[in-house]
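Structure, as structure tokens:
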Amino acid sequence: MTEIESTPQATSQPPSLVRRRWPTLVGLGFAALVAFDLVSGVELAPVLAASAAVYLGAAALRRPGAAWPLFFATVVVITAARLADDRLESTWVVLGGAVALGIYGLLRGAARPGYGLPLQTLALLGFGAAAGAALVVTPELGAYLVAAGLLGHAAWDAYHHRVNRVVVRSMAEFCLVLDTALAVAILTVTVLQ
């Protein structure tokens with residue numbers, strides 16, 4: 001008697017669009033949620049700060065997968081600040097947290113490779129400066145600063161998605177879509193005012 005082997009058949013179907021592009025879909029959904037009642041682009045300065053802080057944090061921890069927990073931590077900080085009736089400016093809290101993570105990374109020897117903590121620190125300085133400046137200039141100029149910063153960070157996301165460094169690709173894709181959509185929302189609101 002011959003034993004018939006049963007092997008699972010491999011499916012040749014590609015993963016569904018939702019499985020392949022879930023970061024894009026979640027990014028669009030999150031952007032819609034954030035921009036739903038947008039009045040001024042300056043309101044999104046904390047998002048710009050958080051974008052840079054997530055990358056710096058992942059580099060400081062030397063764990064690309066840490067990007068998602070860091071993202072959720074920034075969402076909690078920003079939401080808590082909004083619920084506190086804006087008595088606490090979350091942009092400064094997020095930037096302060098990023099500085100603390102950067103110091104932690106330096107103390108743990110994360111100064112190498114150059115595309116990690118050193119480059120992400122420079123990015124935080126640039127994007128953080130734009131977010132901080134947006135809070136102290138006129139609302140219209142601040143809105144344009146945040147929109148420009150988000151578009152610049154979208155390019156940063158695209159680069160990191162392509163080279164697959166610092167953060168996981170799903171975060172780079174999500175952030176690219178989120179940053180771009182929010183920049184467009186800011187520009188639309190600002191121009192229509």
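Here is how the numbers come out for the structure above:
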read-out	value
Condition check for LEU38: in contact (Cβ under 8 Å) with a residue 24 or more places away in the chain, surrounded by fewer than 17 Cβ atoms within 10 Å (Cβ to Cβ) and at negative phi	yes
Exclusive hit being more than 28 Å from SER40 (Cβ to Cβ), modelled with pLDDT under 95 and among the aromatic types (Phe, Trp, Tyr), set TYR115, TYR159	TYR115
Helices (runs of 4 or more DSSP H) within the stretch 99-193 that include 1 or more residues farther than 25 Å from VAL18 by Cα and charged (D, E, K, R)	139-163
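The values are calculated or read from the model by the stated rules, or taken from the named source; none is laboratory data. Note that this is a predicted model, so its numbers are computed, not measured. Note: ideal-geometry Cβ built from the backbone for every residue, glycine included; neighbour counts use all protein chains shown.
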